Amino acid sequence: MLHVRSIWNGAISFGLVSIPIKLVNATESHSVSFRQIHTEDGGRIRYRKVCELEDREVTQAEIGKAYEDADGSMIPITDEDLSQLPIPTARTIEIVAFVPEDRIDPLQMGSAYYLAASGAPAAKPYTLLREALKRSNRVAIAKFALRGRERLGMLRVVGDAIAMHGLLWPDEVRAPEGVAPEGGVTVRDQELDLADALMDTLGEIDLDDLHDEYREAVEEVVAAKASGEKPPEAREEAAPGKVLDLMAALESSVRAARESRDGEGAGPAEEAEVRSLSRRKTSSRAPKETGGKKSTSTAAKKTAAKRAEPKKSTAKAAGSAKKTAAGSPAKGTAKKATARSTARSGDKGAAKSTAKKTASRRRSA
């Protein structure tokens, strides 16, 4: 049981089951509060409630409430008028539905409270509701009245207790119209990759490690002033420069985050260089530059030479064959075979010419 004062006493209505409870705050503020003073003499500045018609200070017993109409006239409303309102949730947290927790928009969530069982008879039904919420993996939606108005709440299990979050009514949440930048803004894949790298570098954190540095600095100033010492001077932080290039800003952020992580470790780690991803270039290799006219005329000359002088080209080919044959035994053997076949063809030609001469002599005889 929390040793704090309850702000509301009532019961949870769970069907026909009634669970007496006390409502206590689940959060507390640690902010440093200040008082207004007169700078000349240090006197406290106080506010007094003054009636503007009589121009005099009035007591709390003389103060009531009224509704201001559109024309500025006041319509008095008494506590008796409000007590007669037919609100079933005046002293009851009435559960109306059970839904999955992800159905609740975080924009609707407000103040948090703990529901403490009031008395021994509330222990059994309180435990029953808690275990039912655990097993169903759902939260309870309830309506209750607090501080002069009916409210919406969400009941969920926190440890062994039941907590309730105050919820705004759906019509109290504004639509995000006119908030997002106008126009078609496109983000490149390289920028998204760097943003992902920055998110991975920052990593996760235990929320318990976070603390209010501003409040601690204010407390140091107050302690120094109270002891008559000079308040500590605030460290000067470099002003952020203008973001001219989003890619460069992302790269610098990733580099700074990694340096910060490396500084928290056991030793300095090697700094990783972050480079922006360049687009692929689909350029083929260009052919080696040659003189167009020179190559064309040379090719034409070679073609004409081949057509006009077949014997010369054949002789050149034979000469190159001889040079090649000089360095290879196999090619030398081929050369000998070629010579033999040529000699044989020469002998056959000589025999044919002799036969022709003999025939001509016989005819003349």
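The values are calculated or read from the model by the stated rules, or taken from the named source; none is laboratory data. Model, not experiment: these values are computed from the prediction. Every residue, glycine among them, receives a Cβ derived from its backbone with ideal geometry; neighbour counts consider all protein chains shown. Calculation scope for accessible area: heavy atoms of the full protein, side chains included, ligands and nucleic acids excluded. Shrake-Rupley method; radii C 1.70, N 1.55, O 1.52, S 1.80 Å.
Flag set for E204, criterion: under 26 Å from the mean Cα position of the chain (by Cα), of a type outside the set (V, I, T) and closer than 30 Å to H30 by Cβ. Within the range 60-76, the residues that satisfy the criterion of being open to solvent by 70 Å² or more (accessible area, probe 1.4 Å), of a type in the set (D, E, K, R) and either over 16 Å from V50 (Cβ atoms) or touching a Leu at 6+ places or on another chain (Cβ under 8 Å) (or both) are K65, E68, D71. For the range 77-98, taking the residues that are in contact (Cβ under 8 Å) with a residue 40 or more places away in the chain and of a type in the set (D, E, K, R), the one that is surrounded by the fewest Cβ atoms within 10 Å (Cβ to Cβ) is identified as R91.
Residues that are modelled with pLDDT under 90 and out of contact with any Pro (no Cβ under 8 Å at 6 or more places or on another chain) occur in the range 150-164; there is at least one. Reported count of residues in the range 193-236, each being part of a loop (DSSP other than H, G, I, E, B) and on the phi < 0 side of the Ramachandran plot, is 15.
Among the hydrophobic types (A, V, I, L, M, F, W, C) and exposed (fewer than 14 other Cβ atoms within 10 Å of the Cβ): is that true of L133 in this structure? Spelling it out, it is not the case that L133 is among the hydrophobic types (A, V, I, L, M, F, W, C) and exposed (fewer than 14 other Cβ atoms within 10 Å of the Cβ).
In a residue-by-residue description of the range 37-46, the property of being free of Cβ contacts under 8 Å to residues at least 40 places away in the same chain and not in a loop (DSSP other than H, G, I, E, B) applies to at least one position.
Among the residues making up the range 23-59, those that are open to solvent by less than 100 Å² (accessible area, probe 1.4 Å), out of contact with any strand residue (DSSP E or B) (no Cβ under 8 Å at 6 or more places or on another chain) and either under 30 Å from A163 (Cβ atoms) or aromatic (F, W, Y) (or both) are S29, S31, V32, S33.
Going by the conditions given, is I93 assigned by the TED database to the domain that holds S136 and under 17 Å from R147 (Cβ atoms)? Here the answer is yes, as I93 does meet what is asked.
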